[in-house]
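Q: Have a look at this one before I ask anything.
The values are calculated or read from the model by the stated rules, or taken from the named source; none is laboratory data. Just so it is clear, the model here is predicted, and its values are computed rather than measured. Just so you know, the surface numbers come from the protein's heavy atoms only, side chains and all, with ligands and any DNA or RNA stripped out. Shrake-Rupley method; radii C 1.70, N 1.55, O 1.52, S 1.80 Å.
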Amino acid sequence: DARVTQTPRHKVTEMGQEVTMRCQPILGHNTVFWYRQTMMQGLELLAYFRNRAPLDDSGMPKDRFSAEMPDATLATLKIQPSEPRDSAVYFCASGLGTANTEAFFGQGTRLTVV
Amino acid sequence: GESVGLHLPTLSVQEGDNSIINCAYSNSASDYFIWYKQESGKGPQFIIDIRSNMDKRQGQRVTVLLNKTVKHLSLQIAATQPGDSAVYFCAESRSYNTDKLIFGTGTRLQVFP
């Protein structure tokens, strides 16, 4: 069945290292979101794309985070250099971008920066 | 500032009872609302949605009520089951498509036998 696929599911890395998280949106969905979930902040929207073009990345720390869509089947979220405060679960979601349709979430990548 | 928030962080109910989860939103320009359910270790899962031109929408065992006058949203779950135990989020959007879903802080629903 159609689902959003995120890799890796878990990542433990040392502070200062580069981290890349990947997302395969549901085939045919033209809108992709990146969210970060922490106990303190809840679900925060980091960035989102429509037809591979970034529409809003105002929620993303620009100095260390970057989000791209190399093609319609792959979205990436990169952190360089990573810091302990980046530890969170990162969710990718995709949607049709049409009226009254929801976003479908992946299982998330749990990132721990030590 | 703009925010979507929840009144109760944890709700405990007995199996078979009805559950009501509440959500307040602050932006009157919001016109599309969604309830998501998140189980441990999983991503949020769509439950039900409602547009701002509606007051009520029903699904299977769930009902969403929207009161635009007081900017309040609620999710009612009938005959709550153990499988309903999860964290529930309301989310708002300011357009009819999936642009910029802003999530509330979440309410944990615990169902006891």
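Q: Quick one: what do you get for segment A:52-93 if you divide its Cα Rg by 2.2 N^0.38 Å?
A: Numbers: Rg = 11.0 Å, N = 42, 2.2 N^0.38 = 9.1 Å.
With N residues counted in segment A:52-93, Rg over 2.2 N^0.38 Å equals 1.21.
Q: Restricted to Cα positions, what overall size does chain B have along the principal axes? Three whole-Å values, descending.
A: 41, 27, 22
Q: Still on this structure: Could you state the orientation-averaged shadow area of the convex hull built on the Cα atoms of segment A:5-113, in nm² to one decimal?
A: On the way: hull surface 25.4 nm².
Its average projected convex-hull area is 6.3 nm².
Q: So how much accessible surface do A and B hide from each other in total, probe 1.4 Å, in square angstrom to the nearest 100?
A: When A and B are taken together, about 1700 Å² of accessible area is lost.
Q: How large is the Kirkwood hydrodynamic radius of the protein assembly as shown, in angstrom, based on all distinct alpha carbon pairs?
A: When all Cα pairs of the protein assembly as shown are included, the Kirkwood radius is 18.0 Å.
Q: Sticking with this structure for a sec: Carbon and sulfur together cover what percent of the accessible area of the protein assembly as shown at a 1.4 Å probe radius?
A: 49
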